[in-house]
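One structure is given below, encoded as structure tokens.
The values are calculated or read from the model by the stated rules, or taken from the named source; none is laboratory data. Note that the structure is a prediction, hence the values are computed from the model and not measured. Cβ atoms come from the backbone with ideal geometry, glycine included; neighbour counts cover every protein chain shown. Only protein heavy atoms, including side chains, enter the accessible area calculation; ligands, DNA and RNA are left aside. Shrake-Rupley method; radii C 1.70, N 1.55, O 1.52, S 1.80 Å.
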Amino acid sequence: NRGVSSFNEVLFSLMKKIFLKNSSQNLIIFVHSRRDTIRTGNFLAQKLCVLKNFKKNEDLKKRNYFIKKLQMIKSNEIKNLVRKGIGIHHAGLSKNDRNIIEDFFREGYLNIIISTATLAWGLNLPATHVIIKGTKVYSPEKSSWVEIPDFNVIQMLGRAGRILNSKFSEGIVLTTMN
């Protein structure tokens with residue numbers, strides 16, 4: 001899909017700028033389907049291996065805590081992404097897997113989480129940067145693409161900020177013009 005590919009390239013370009021400024025930034029990327037969390041994660045994992053300033057916390061990953069918790073994640077696909085510094089979060093994951101991803105992000109083992117909107121509601125997981133990848137979702141009832149509600153956008157962008165040691169946070173919305 002050409003549109004998804006374009007969004008991914010723009011997303012990676014933004015990430016390069018974010019991590020080149022400061023490799024310890026953290027980022028939540030909101031997508032609109034469970035399948036797109038994995039697709040976007042795999043795309044970024046391939047691209048990030050060439051980005052030298054992306055900190056994957058290699059020294060931290062050797063610790064027993066990380067290794068033990070990582071083995072508790074059920075999905076091998078998600079484990080592989082976590083090893084590359086990218087977490088996946090959506091309602092289809094077990095509560096245990098979601099909690100591990102959240103803990104890894106809070107504790108600095110992960111710099112990136114790719115999530116559906118479920119992470120935006122009722123969870124205090126702040127980030128220095130939030131990117132919303134697209135503002136349209138497919139509505140089976142209307143048999144067409146519709147804009148996501150404004151309150152969802154506000155909730156997602158609300159994850160940016162409130163970090164104790166950060167004076168700067170940023171929210172970015174990637175969308176198309178009609």
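Please count how many residues of region 70-114 are at pLDDT 90 or above, in contact with a Lys or Arg (Cβ under 9 Å, 6 or more places away or on another chain) and among the polar types (S, T, N, Q). Residues meeting the conditions: 3.
One residue stands out among those in region 51-69 that are assigned to a loop (DSSP other than H, G, I, E, B) and open to solvent by 100 Å² or more (accessible area, probe 1.4 Å): the one that is modelled with the lowest pLDDT, which is LYS52.
Which of the residues belonging to region 19-30 are open to solvent by 10 Å² or more (accessible area, probe 1.4 Å) and of a type in the set (A, V, I, L, M, F, W, C)? The one that is open to solvent by 10 Å² or more (accessible area, probe 1.4 Å) and of a type in the set (A, V, I, L, M, F, W, C): LEU20. Does region 126-149 hold any residues that are surrounded by fewer than 17 Cβ atoms within 10 Å (Cβ to Cβ) and either among the aromatic types (Phe, Trp, Tyr) or under 15 Å from the mean Cα position of the chain (by Cα) (or both), and which are they? Within region 126-149, TYR138, TRP145 qualify. Tell me which residues, restricted to region 119-159, are modelled with pLDDT under 85, under 19 Å from ARG98 (Cα atoms) and of a type in the set (Gly, Ala, Ser). The answer is ALA120, GLY122. For region 78-87, residues that are farther than 18 Å from ARG106 by Cβ and open to solvent by less than 90 Å² (accessible area, probe 1.4 Å) total 2. Among the criteria (1) at pLDDT 85 or above; (2) of a type in the set (Val, Ile, Thr); (3) not in a helix (DSSP H, G or I), the one THR37 does not fulfil is (3). LEU48 passes every criterion in (1) buried (at least 16 other Cβ atoms within 10 Å of the Cβ); (2) modelled with pLDDT of 90 or more apart from (2).
Considered as a group, the residues in region 88-125 that are hydroxyl-bearing (Ser, Thr, Tyr) and farther than 14 Å from SER33 by Cβ include one that is most open to solvent (accessible area, probe 1.4 Å), and that residue is SER94. Of the residues in region 160-167, at least one is open to solvent by less than 30 Å² (accessible area, probe 1.4 Å), in contact (Cβ under 8 Å) with a residue 24 or more places away in the chain and not aromatic (Phe, Trp, Tyr).
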